[in-house]
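What follows is a single structure, written as structure tokens, with notes after it.
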Amino acid sequence: MDELVLRPVGPADVDALQELIESDPGYTERITGYPPGPAGAQSLLMMRPEDLAEESKIVLGAFAADQLVAVVDLLRGFPNDHTAFIGLLEVHAKHQGLGHGSTTYSLVERYVATTWPEIRTLRLAVVDSNAQVATGFWLRQGFEPTGEERPYRYDKLESIARLYEKPLPEQSGS
């Protein structure tokens, strides 16, 4: 397997992103209650909290050669100036179970540490309807539950979103 390279996902990658989302319909169903729709990639690239500036959101792809292996949705300065929020990390179904999720996460952590020097904490939410799949992964990456939880709703799907955080290692020379 080629080494993974992290880069922003752009308009030219929309078809590959849509294919990745459709490769793992179980994830979308656990989060939304529905199978992936035809505009899943487009909405992933555009959706962000209302009060967050457009340039604060980036969607990064982990590519092996020209193949999109995993995708990460990242919000800079959310919910505060020193935190980046991981909206999702999804690995293409045919690449799952090979360590690409962990490798992608490590690349993301390095990206945040080197690109956004003000960010000191990574934060994410695990929705209970996806917890059986996601919780163990995030704990293995060093995230800890904050104890905060929020009602989660997507159309007819109602669940609880539990928040997790991980402090970034101190940067030398900062």
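Below are the figures for this structure:
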{"quantity": "Residue identified as assigned to a loop (DSSP other than H, G, I, E, B), closer than 25 Å to Pro169 by Cβ and modelled with pLDDT of 95 or more among Ile119, Ile58, Ile86", "calculated": "Ile119"}
{"quantity": "Some residue of segment 45-53 being surrounded by 12 or more Cβ atoms within 10 Å (Cβ to Cβ), of a type outside the set (A, V, I, L, M) and modelled with pLDDT under 95", "calculated": "yes"}
{"quantity": "Matching residues in segment 89-126 - criterion: being closer than 21 Å to Gly26 by Cβ, buried (at least 19 other Cβ atoms within 10 Å of the Cβ) and of a type in the set (A, V, I, L, M, F, W, C)", "calculated": "Leu89, Val91, Leu124, Ala125, Val126"}
{"quantity": "Residue count, segment 126-165 (criterion: under 19 Å from Pro35 (Cβ atoms) and among the charged types (D, E, K, R))", "calculated": "4"}
{"quantity": "Candidates Arg153, Arg140 - the one that is free of Cβ contacts under 8 Å to residues at least 24 places away in the same chain and under 25 Å from Asp24 (Cα atoms)", "calculated": "Arg153"}
{"quantity": "Single match in Leu52, Leu45 (criterion: over 20 Å from His95 (Cβ atoms), in a loop (DSSP other than H, G, I, E, B), among the hydrophobic types (A, V, I, L, M, F, W, C) and in contact with a strand residue (DSSP E or B) (Cβ under 7 Å, 6 or more places away or on another chain))", "calculated": "Leu52"}
{"quantity": "Scope segment 1-45; condition of a type in the set (A, V, I, L, M) and more than 14 Å from the chain's Cα centre (by Cα); matching residues", "calculated": "Met1, Leu4, Val5, Ala12, Val14, Ala16, Ala39"}
{"quantity": "Some residue of segment 25-39 being more than 27 Å from Gly136 (Cβ to Cβ) and small (Gly, Ala, Ser)", "calculated": "yes"}
{"quantity": "Boolean, Ser106 is hydroxyl-bearing (Ser, Thr, Tyr) and within 19 Å of Tyr164 (Cα to Cα)", "calculated": "yes"}
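The values are calculated or read from the model by the stated rules, or taken from the named source; none is laboratory data. None of these values were measured; they are calculated from a predicted model. Ideal geometry is used to build each Cβ from the backbone, glycine not excepted, and the neighbour counts take in all protein chains shown.
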